[in-house]
Amino acid sequence: MGAAAGAGRGGSLSNSDHAAAPLAVRMRPRTLEELVGQSSLKAAGSPLHQVVEGGQSLSLLLWGPPGTGKTTIASIVSKSTDRRFVEVSAVSAGVKEVRAAIDSARAELVATGKETVLFVDEVHRFSKAQQDALLPGVENRWVTLVAATTENPFFSVISPLLSRSLLLRLESLTDDDIRGVLLRALEDERGLGGSVTINHEALDHLVRLAGGDARRSLTYLEAAAGAASAGEITLEAAERAVDQAAVRYDRQGDQHYDVVSAFIKSVRGSDADAALHYLARMIEAGEDPRFIARRLMILASEDIGLADSTALQTAVAAAQTVQLIGMPEAQLTLAHATIALAVAPKSNAVTNAIFAARADVAAGKIGNVPPHLRDAHYEGAKKIGHGDAYKYAHDEPFGIATQQYAPDTVIDAEYYQPTTHGAEAGVKERWEKIRGIVRGS
């Protein structure tokens, strides 16, 4: 919708609560109390609470995954403060439409004193010029800007706009949050008004498929209600309505831990095909992609280590990508990282090294730091022998000094035992030479 149209009709949200509107629109929360999740944002005294309850004209930049309440918050800000609501599409609007919306808001403010909430969804799709066009309206408070994005605003929103707005981070909704949304929609007069019921299996299936997205969960519920017979939504009806079979996977139960365990062990065992199977099961069941990415980061050090030092870089990059783009596109990144780590050479030498070192410390093998390694920067340190005889490694042949580094109690400890797998074979050869030089052998 163009800005001019939006200014004339109040935006697409203001007249969308009629009986034929989608269930997700009809059930949109009207107050902060009805907003699901986001407890920190709704707390008394929070910036959002000040805008909604206190009527302050603060521009907001909402950052979070789809279906977490960004559009809803914009609607609540507008309705609770009796402001005009104007919506500008970041997909179709240009600089002209943005300026027209702000000029209209300014004229309304001068003529009637009524303020305008300007909602820009997917603001990251705006060019720099389009975002620049928002600045006068925000800076002079001709509009209360509520901009929403699923992408990291520090990469996608210009600095002047960031500095003039309050950045509010929305978290993914939990399964319990989604379950509450669905149950309320079943009973609420704005929703299905008790016309159908749902059994536990079907409810769990819709919760899993929603993946923390409230809008998606209500879309699925509406479709499942249409496919229900005898006034009950069964698992079969839910599967038929959304054309997706239920995956027997409970994110809070044994299936969750069994599948995750099999996934990690398949990557560790270098079976990329099996690992992809378990990855697919987790994705289909709506597992949090950030959880999968975290497990891959752990595995990169635990099971690969220096056999392929790029494995950790791959896992970290995957986790960052998942955070930036979200699902469904992030499934490609997770598959990429899974295959890369599965086919990488394996070594648990890093894992064994830190566990062995910690075991000695836990057993009381602490010992004093050798005097020549102690801090010698403060006055009087030299008088008590701190730093005496310390050899600066860069002054020695090969940049390696022969001297004692470990305390006497563990002077002969050899925690790191590199394997000959992958790149660690070269590390092993170099480490053995280094250890020999350091220890004078």
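The values are calculated or read from the model by the stated rules, or taken from the named source; none is laboratory data. Every value quoted in this text rests on a predicted model; they were computed, and no experiment measured them. Neighbour counts are summed over all protein chains in view; Cβ atoms, including those assigned to glycine, are modelled from backbone coordinates with ideal geometry. These accessible areas exclude ligands, DNA and RNA; they are computed on the full protein's heavy atoms, side chains included. Shrake-Rupley method; radii C 1.70, N 1.55, O 1.52, S 1.80 Å.
If only residues of the stretch 159-208 that are touching a Lys or Arg at 6+ places or on another chain (Cβ under 7 Å) and surrounded by 19 or more Cβ atoms within 10 Å (Cβ to Cβ) are counted, the one that is nearest to Ala43 (Cα to Cα) is Leu170. Just name the residue that is surrounded by the fewest Cβ atoms within 10 Å (Cβ to Cβ) out of those in the stretch 29-45 that are within 22 Å of the chain's Cα centre (by Cα) and assigned to a loop (DSSP other than H, G, I, E, B). The extreme case among them is Ala43. In summary, Gly67 fulfils each of the numbered conditions (1) closer than 23 Å to Arg216 by Cα; (2) touching a strand residue (DSSP E or B) at 6+ places or on another chain (Cβ under 8 Å); (3) in a loop (DSSP other than H, G, I, E, B); (4) not aromatic (Phe, Trp, Tyr) with the single exception of condition (2).
Figure legend. Inter-residue proximity from the stretch 314-328: first residues modelled with pLDDT under 90, second residues of a type in the set (Lys, Arg), beta-carbon distance below 8 Å, spacing 6+ or different chains. Indicated pairs: Gln323/Arg290.
Those residues that are closer than 16 Å to Ile366 by Cβ and among the charged types (D, E, K, R), I need them from the stretch 391-421; list them, please.
Let us first name the residues in the stretch 391-421 that are closer than 16 Å to Ile366 by Cβ, namely 404-413, 415.
Within the stretch 391-421, Asp408, Asp412 qualify.
Considered as a group, the residues in the stretch 97-119 that are without any contact (Cβ under 8 Å) to a residue 24 or more places away in the chain and part of a helix (DSSP H, G or I) include one that is least open to solvent (accessible area, probe 1.4 Å), and that residue is Ala107. Could you please let me know if Thr333 is touching a residue at least 60 places away in the same chain (Cβ under 8 Å) and closer than 27 Å to Asp288 by Cβ? Answer is no for this residue.
How about the stretch 389-421: which of its residues are among the acidic types (Asp, Glu), assigned to a loop (DSSP other than H, G, I, E, B) and either more than 13 Å from Ile434 (Cα to Cα) or modelled with pLDDT under 90 (or both)? Glu396, Asp412, listed by residue number. Of everything in the stretch 120-158 that's assigned to a helix (DSSP H, G or I) and in contact (Cβ under 8 Å) with a residue 40 or more places away in the chain, which residue is most open to solvent (accessible area, probe 1.4 Å)? By that ranking, first place goes to Phe155.
Take Arg26 and tell me if it is at pLDDT 85 or above and surrounded by fewer than 21 Cβ atoms within 10 Å (Cβ to Cβ). Spell out the reasoning first.
On the way: at pLDDT 85 or above: yes; surrounded by fewer than 21 Cβ atoms within 10 Å (Cβ to Cβ): yes.
It is true that Arg26 is at pLDDT 85 or above and surrounded by fewer than 21 Cβ atoms within 10 Å (Cβ to Cβ).
Filtered by the rule that a residue be modelled with pLDDT under 85 and crowded, with 22+ Cβ neighbours inside 10 Å, the stretch 53-67 gives a lone residue, Gly67.
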